[in-house]
Structures are given as structure tokens and as C-alpha cells.
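Can you read through this structure? Questions will come right after.
The values are calculated or read from the model by the stated rules, or taken from the named source; none is laboratory data. All figures in this text were calculated on a predicted structure; none of them were measured in a lab. Every residue, glycine as well, gets a Cβ built from its backbone with ideal geometry; the counts of neighbours run over all protein chains shown.
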């Protein structure tokens, strides 16, 4: 079987990763073949392409004139059950390329011929009894009776391009899941339902935080006013923390010359993931002398450092930017906010002397841990992302890599952090300390990262004047506590199930009138709250109080304040919170002061 391509499935629900046993691989791979056999029995014109086992299940791609329907899936599942009950042996056969070609030509399936061209002899076939076969390397169970029909379910149909190429045929992909026992299927469906409940794309739409629009393009989120408030709150939070630690803010452009990225090595190592260059004419294009959207911020920060000759007295220099970068992700790999084509990185680059390296690295880790604490992200491990000595994709000397990796290892050992090593996970120019977060569904996400880099200072010939008057090379630390701001927000939406803590919520309080007579007082209170940095709003919908309360709860607003005639007379508010329930009637001044303190301390109200 040829390697599967990423699915064209924008509504995919990402479930917790589960360790797939060899037994499950056999079950899922065989079940995919049973499904393909059932499809071709029911729909003789359907041609099969590829059908591997995947995490939590399997899929098969079909070229079929008419689209599959929900009823078709039910019919296919019934046919699969019949095939399983027939106890067909699963037979492995090895043949020559010529023999395989002749058999495929007899079937009249051109996709199999393309797959065959990529396979080395001998060619492996797997048969279900003597009725159906496909090119495949396995593994499989020995007999269809080894499959449990009650532990199998067909889930959905999605579009997929042949071999992931948008210029090739549009296929139909049927997804399914298969387990050893019905109880495992039931647990999978429970986790899937929980994942759907937390899905940040669904919640983001319901809460009015962001949208995707076809005229703009896939992987390019548009932030609504509420979503922009959320982004800005996170940015302001980190900017304040950085200012306390003497970071210097900078702003750099969204495009740059290709030559800049040739020096850094990104063009040579990252070209396929960059958006196509913009050149003034064909001659410039052929010479690769145009501009590209930046995939990284570091070469720009390097130019700011290099604009003057620096003294050791200026180091460490900590340049920081919320810089938007662009990566040409395949459309099938996009997933809401967690995998996009344009995203903002809370990027910083520190230029340090060798003597400053260890302490500055520790300071960066301390900042990242402080950020995670404020965001209530507790379940994470540190990954030491080192190079694979057998790979040739890395730049720089062995000595530089050994120094960089040594600095990272010393830091985590000194801090007593829970860590593991990831060989081959390093950036091409240096090792990293990555923070791998496990969310409420036990899915793994990379958030903050810190990198030690001896190579880019060498490639860009960076210098500083040392205390003895000689010119020396600084070391760079690349650092991003959030990582991608878009990915972080997607994770936070799912972690909080859209129920943001008070300090972070786009709308922190909504004031609800019992009748229209209380609106002037409410608007006066809202204006006062806003002047003090509290994100409050008045409910002017005219809905009855019960409906207004339900609307506020649906919008997951942390604080609701009900105002009737008595509250107006006493200049008070009847407070109900999502975190603590009914708090009773409180003076306006007391409510405002408590809200201010909750924001300052980043606590719930």
C-alpha cells in the first residue's frame, strides 16, 4: 500500500492519542479491506485507491461517480458484517511486477497501476478468500472471523485528492473506526463526543471569536471584535511580563528578500514551506532574487542587532515582537486555529555572551513557567529536542551543537524539570527545549519553546566588542512562551470549554435590567467599569429577565449583574457568577473594586 496522503477534511475532530497495538493495526488494516470489498460488491463502478489503518481507525479512498450518502454507509456496514461472518481467510501472496500488472489490467483499475509503479519487487497482495484482493504490505488478521462487527463503525465521508495533489482527481474517503471489543468502541465514541463538545472551531463560532471565510482562503482566520479582545489581552499580558524582564519591543515587516533567508539557511531548508516568491521580472525570478512572505522572524531581529557595533555592556540584548509569519501548509493539514497558514509568534531573540548563556536560558524558562501558571496550564513535560547525528539536515559544527545541547541539559537538570529527549526534533540551526502540553483530552501540543543557537550568529557574522577590546561572537537564544498565538487560543478554548477565567474573558460582565427603567443606571455603571479597564456591557436586547440570563450563560460571560428598582435605589448590583454562583446584592463600588483586583491578580471573580 502506498503512503497515505493528508485528508481533505476541515471538520476533523482531533482525539487523544492512543498507543496502537500490533493487534489493533491488524484489525484496522483488515477492516479497511473488508470495507473496500463491501463497497465494490455494492457499487461495481467504484474504484479503490489507498486504504491504510490510521490512529483510532482506518479509511479508504474511492473514485465513484455518485457521492456516498449516510444511507450508503449503513448499507456498506451491513455488507461488511456479512463478509466478516463468512470467515474468509486473509491470504498473503507474493508475485512479480509483471504478474501484478496483468492482474490489475484485468480489473481495469488505473489507480492500482500508479501504486504498483512505486513498489519494489516482490509485490505483495492480500486476498479476502478468493473474491477480492489489493496491493498491500499488511499487517492483517488471519481470518475475517477475527474481527468483531460490534466493535466496528463507519463514521463519515470526506473529500480527498488523489495522492494529496489538488491538480489530480477528487476522490471520496470513507472513515471508520475498529477495535477489539465493543466496550473500546463505546469509550472511543464517548471521547469523540467530549472532543466535539470542546472543539474550538465550534465554540469559537458560538462565542463569536473568529471566522474562516472562503473568499479569504483556508488557514487564514479572521478575528472578530471579541476574538481580538482575547488576543490583545494575551498579548498585553505577555508584553507586561517582558517589560519587567527588560525586553525591548521591535516591529519588523511581513516580507523580506530571499537573500536574507539564503544566509539564514531557511531558503535551502524550508523553501517548500514558504509562500512563492515575488520577483520584479523573469530574470530576477530565475535568479531567485525576489521577495517572500517571512516564515520566521529571527533574520529580521538579527539585522536590528547588526545595525550597530555592540559592546559587551549592551548584552544581553533581548528583542521581542509579536510577529506574524506565513507557512504554506497543505490544505489537508489545516485544522482550525491549531494549524494555519498565517499566525503570530510571541517571538524574542536574545543576544548573549557565553558567560551569560546559562543564566539567560534559566530566566527564559522561568518566564515560560510563569506564563503557564497564569494560564492554568499545568500538565506538561519538557522535551529536549536534539539533532539526529545520522541526519545531514543540520547546519553548524559538532562543537557548536554539543555546547548548545549542554546548555539546555544543564538548565532542566538545575530546575529539576520533568523532561525527556526527542532525538531528531531540533531545528536545523540549533537544539530546542520544547514544552509539550497535555490537554483535558490527553492530546499533546507543543506550546513554548527555547532554542540555543551558535549557528546563525556565525552565518550572519555577528559581533560584539568584548571587555578586552577584541571582537567576539554572541550566542542567540530564540524564545516563544506562547508559540503560535492562534494555536494557544485554540487550546485555551478547548481547555476551558470556552469558559474563560474572568481576567481573560472578552466580555467580563453583563448588566441585566429587570425592566427598561433601569437602563440609564446600568449604562452609567457600565461606563464607569469600562473607564477602569473592566470589559462590561449592558443588555439592551429588551428580552425578559429569564431569557436575558440564559443568553448570558450561553455566551459564558463570567459575571451577570441583575438590576431592579431596589438595586438602583441602593446603587448596588445583584451578582451571579459562573465560578461561584449567587453572591447576592453588593454595592457598585465594592463590585468594581473586586473586579479590578481579580484582573490584576488574574483570578476569577
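May I ask you to verify whether residue 70 is surrounded by 14 or more Cβ atoms within 10 Å (Cβ to Cβ) and either at pLDDT 95 or above or within 19 Å of residue 46 (Cβ to Cβ) (or both)?
Here the answer is no, as residue 70 does not meet what is asked.
Applying the selection to region 147-188, what residues are surrounded by fewer than 20 Cβ atoms within 10 Å (Cβ to Cβ) and closer than 16 Å to residue 442 by Cβ?
Correct list: 184, 187.
Name the residues in region 164-200 that are more than 30 Å from residue 556 (Cβ to Cβ), under 23 Å from the mean Cα position of the chain (by Cα) and assigned to a helix (DSSP H, G or I), would you?
164, the sole residue that qualifies.
Given (1) surrounded by 15 or more Cβ atoms within 10 Å (Cβ to Cβ); (2) in contact (Cβ under 8 Å) with a residue 40 or more places away in the chain; (3) more than 19 Å from the chain's Cα centre (by Cα), where does residue 369 come up short, assuming only one miss?
In the conditions (1) surrounded by 15 or more Cβ atoms within 10 Å (Cβ to Cβ); (2) in contact (Cβ under 8 Å) with a residue 40 or more places away in the chain; (3) more than 19 Å from the chain's Cα centre (by Cα), residue 369 misses (2) alone.
For region 74-94, does any single residue satisfy the condition of being more than 26 Å from residue 145 (Cα to Cα) and assigned to a loop (DSSP other than H, G, I, E, B)?
No, because not a single residue in region 74-94 is more than 26 Å from residue 145 (Cα to Cα) and assigned to a loop (DSSP other than H, G, I, E, B).
Is there any pair with a first residue in region 490-507 that is under 9 Å from residue 604 (Cα atoms) and a second that is part of a loop (DSSP other than H, G, I, E, B) and at pLDDT below 95 whose Cβ atoms are under 6 Å apart and which are 6 or more apart or on different chains, and what are they?
As it stands, the answer is 501/604; 502/604; 502/605; 503/602, since those pairs meet every condition given.
Does region 233-248 hold any residues that are farther than 14 Å from residue 490 by Cβ and surrounded by 13 or more Cβ atoms within 10 Å (Cβ to Cβ), and which are they?
Selection gives 233, 235, 237, 238, 239, 241, 242, 245, 247, 248.
Can you tell me which residue within region 341-381, out of those that are assigned to a strand (DSSP E or B) and modelled with pLDDT under 90, is nearest to residue 425 (Cα to Cα)?
Only one residue tops the list, namely 381.
Here's the yes/no breakdown for (1) touching a residue at least 40 places away in the same chain (Cβ under 8 Å); (2) surrounded by 17 or more Cβ atoms within 10 Å (Cβ to Cβ):
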position	(1), (2)
384	yes, yes
389	no, no
395	yes, yes
398	no, no
406	no, no
420	no, no
424	no, no
432	yes, yes
440	yes, no
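Out of the residues in region 590-605 that are surrounded by fewer than 17 Cβ atoms within 10 Å (Cβ to Cβ) and closer than 16 Å to residue 530 by Cβ, state the one that is farthest from the chain's Cα centre (by Cα).
Checked region 590-605; the qualifying residue farthest from the chain's Cα centre (by Cα) is 593.
Additional query: Does residue 203 meet the test of being free of Cβ contacts under 8 Å to residues at least 40 places away in the same chain and within 17 Å of the chain's Cα centre (by Cα)?
no
Now for a different question. Output the residues belonging to region 546-589 that are over 38 Å from the mean Cα position of the chain (by Cα) and in a helix (DSSP H, G or I).
Within region 546-589, 546, 565, 566, 567, 568, 569, 570, 588, 589 qualify.
Next question. Inside region 109-125, can you point out the residues that are within 22 Å of residue 38 (Cα to Cα) and either in a helix (DSSP H, G or I) or touching a residue at least 40 places away in the same chain (Cβ under 8 Å) (or both)?
109, 110, 111, 112, 113, 115
Would you check which residues across region 130-156 are farther than 24 Å from residue 72 by Cα and not in a helix (DSSP H, G or I) and list them?
Of everything in region 130-156, those that are farther than 24 Å from residue 72 by Cα and not in a helix (DSSP H, G or I) turn out to be 130, 135, 136, 137, 138, 139, 140, 141, 142, 143.
Another question, then. Looking only at region 82-96, count how many residues are surrounded by fewer than 15 Cβ atoms within 10 Å (Cβ to Cβ) and in contact with a helix residue (DSSP H, G or I) (Cβ under 7 Å, 6 or more places away or on another chain).
2
Scan the strands (runs of 3 or more DSSP E) fully inside region 443-534 and keep the ones with 2 or more residues being buried (at least 18 other Cβ atoms within 10 Å of the Cβ), within 19 Å of the chain's Cα centre (by Cα) and not assigned by TED's automatic domain parsing to the domain that holds residue 589.
Filter on region 443-534 gives 444-453, 475-480.
Residues are listed down the side, and each one gets a yes or a no for (1) surrounded by fewer than 19 Cβ atoms within 10 Å (Cβ to Cβ); (2) in contact with a helix residue (DSSP H, G or I) (Cβ under 8 Å, 6 or more places away or on another chain):
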{"site": "303", "(1), (2)": "yes, yes"}
{"site": "319", "(1), (2)": "no, yes"}
{"site": "324", "(1), (2)": "yes, no"}
{"site": "343", "(1), (2)": "no, yes"}
{"site": "351", "(1), (2)": "no, yes"}
{"site": "356", "(1), (2)": "yes, no"}
{"site": "364", "(1), (2)": "no, no"}
{"site": "381", "(1), (2)": "yes, no"}
{"site": "401", "(1), (2)": "no, no"}
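Separate question: For the structure I just gave you, tell me whether residue 428 is surrounded by 16 or more Cβ atoms within 10 Å (Cβ to Cβ) and modelled with pLDDT of 85 or more.
no
Another question, then. Tell me which of these residue 571 doesn't satisfy, since it passes every other one: (1) under 19 Å from residue 524 (Cβ atoms); (2) surrounded by fewer than 18 Cβ atoms within 10 Å (Cβ to Cβ); (3) out of contact with any strand residue (DSSP E or B) (no Cβ under 8 Å at 6 or more places or on another chain).
Checking residue 571 against (1) under 19 Å from residue 524 (Cβ atoms); (2) surrounded by fewer than 18 Cβ atoms within 10 Å (Cβ to Cβ); (3) out of contact with any strand residue (DSSP E or B) (no Cβ under 8 Å at 6 or more places or on another chain), the one that fails is (3).
Restricting attention to region 382-412, report how many residues are part of a helix (DSSP H, G or I) and either touching a strand residue (DSSP E or B) at 6+ places or on another chain (Cβ under 7 Å) or within 30 Å of residue 441 (Cα to Cα) (or both). Break it down into steps so the answer makes sense when it comes.
Residues of region 382-412 part of a helix (DSSP H, G or I): 398-412.
Checking the rest, the ones that are also either touching a strand residue (DSSP E or B) at 6+ places or on another chain (Cβ under 7 Å) or within 30 Å of residue 441 (Cα to Cα) (or both) come to 404-405, 407-409, 411-412.
Within region 382-412, residues that are part of a helix (DSSP H, G or I) and either touching a strand residue (DSSP E or B) at 6+ places or on another chain (Cβ under 7 Å) or within 30 Å of residue 441 (Cα to Cα) (or both) number 7.
Ok, one more. Out of all the residues in region 273-296, is one or more closer than 30 Å to residue 355 by Cβ, buried (at least 16 other Cβ atoms within 10 Å of the Cβ) and under 25 Å from the mean Cα position of the chain (by Cα)?
Looking for residues that are closer than 30 Å to residue 355 by Cβ, buried (at least 16 other Cβ atoms within 10 Å of the Cβ) and under 25 Å from the mean Cα position of the chain (by Cα), one finds at least one in region 273-296, hence yes.
With respect to residue 328, determine if the residue is in contact with a helix residue (DSSP H, G or I) (Cβ under 8 Å, 6 or more places away or on another chain), in the same structural domain as residue 487 (by TED's automatic domain parsing) and not in a strand (DSSP E or B).
yes
Residues that are crowded, with 21+ Cβ neighbours inside 10 Å, more than 21 Å from residue 186 (Cα to Cα), touching a residue at least 24 places away in the same chain (Cβ under 8 Å) and out of contact with any strand residue (DSSP E or B) (no Cβ under 9 Å at 6 or more places or on another chain): does region 50-62 have at least one?
Scanning region 50-62 turns up no residue that is crowded, with 21+ Cβ neighbours inside 10 Å, more than 21 Å from residue 186 (Cα to Cα), touching a residue at least 24 places away in the same chain (Cβ under 8 Å) and out of contact with any strand residue (DSSP E or B) (no Cβ under 9 Å at 6 or more places or on another chain).
I've got another one for you. Testing residue 217 on (1) touching a residue at least 12 places away in the same chain (Cβ under 8 Å); (2) over 18 Å from residue 333 (Cα atoms); (3) surrounded by fewer than 14 Cβ atoms within 10 Å (Cβ to Cβ); (4) not assigned by TED's automatic domain parsing to the domain that holds residue 52, one condition comes back false. Which one is that?
(2)
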